Amino acid sequence: MTGFGRASTEAGERRLRVEIRSVNHRGLDLKIRGADTDAFLGAEIGRAVRAAVERGAVTVNMRDESAGGSAGVDEARVRAVHGALERLRQELEMEEPVGLSTVAAFMNAGAGGGLEGEALWEALRPAVDAALAELVATRQQEGRALAADIGAHRTRLVELAARLRQATAPLAEKFARRLTEKLDAFRGQPGFEPGRIAQEAALMADRLDVSEELVRLDTHLAHAGELVAASGAVGRKLDFVIQEIGRELNTIASKSQDAGVAALVIDAKAELERMREQAQNVE
């Protein structure tokens, strides 16, 4: 699911902005970007994100909003840093001149106002929590729209399942009638066994019986409806139920051996694929 959240906070002498974005992904793919990120900070941000999000490609960006950050150039600070580095270069008798890239590297290294590790995390925590709250709110808004769309596809599938039940009910009788019609010309001839015809009709009727598959199909569709109406993370469960619905539809088409039933199954699988595509976006 897609979403966005952002917030700012004071971190030492600097003002940092936290922006969190998410797009669709089968699992949780987390990326953390920012000059201040160290192992401790990355672990804490990761823990906070995983507590709020279970599915999606999530990117956490931290950037400096203060005068020396990306919003502008603090010329006085640039000169001060350059002067300090130049003095060190002379003291150390280094030949390589101090360039702007070196100055920028040192300024970025200090973007947290001297804070690092646990201290920097404590300063950033309110902004991370606020950005995550906004992210979750936008994802929930999208989730309601997804639920409505998936629910509409499920309703259509329920209607097609009812039509499949009607279409498959007379198949055994139709087969027996066709078999009898084809063998009428052989009645009374030597070796003709009416009992054998009845046995074959009974065996075929058993092979054509899809009542169990239809019951399971109804059960899976009901479960899908419960998941769509439920709160919390249901995406993976919905993926599994959709997979089971597809399995039952394939079995019904294979066992029925009927053009009318096959057409209904094709319509149902088209609806199921649309449902599957949307379910990939669900938390």
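Points worth noting:
- When segment 10-62 is filtered for residues that are among the β-branched types (Val, Ile, Thr), surrounded by fewer than 19 Cβ atoms within 10 Å (Cβ to Cβ) and within 23 Å of the chain's Cα centre (by Cα), the ones remaining, listed by number, are Val23, Ile32, Thr59.
- Filter pass, Ala35 being modelled with pLDDT of 85 or more, on the phi < 0 side of the Ramachandran plot and out of contact with any Pro (no Cβ under 8 Å at 6 or more places or on another chain): no
- Applying the criterion of being surrounded by 13 or more Cβ atoms within 10 Å (Cβ to Cβ) and modelled with pLDDT under 90 to the residues of segment 209-226, the residue that is nearest to the chain's Cα centre (by Cα) is Val210.
- Among residues that are at pLDDT below 95, touching a Gly at 6+ places or on another chain (Cβ under 6 Å) and assigned to a helix (DSSP H, G or I), Ala167 is included.
The values are calculated or read from the model by the stated rules, or taken from the named source; none is laboratory data. Not measured: the values here are computed from a predicted model. Heads up, the Cβs are rebuilt from the backbone with ideal geometry, glycines too, and the neighbour counts pull from every protein chain shown.
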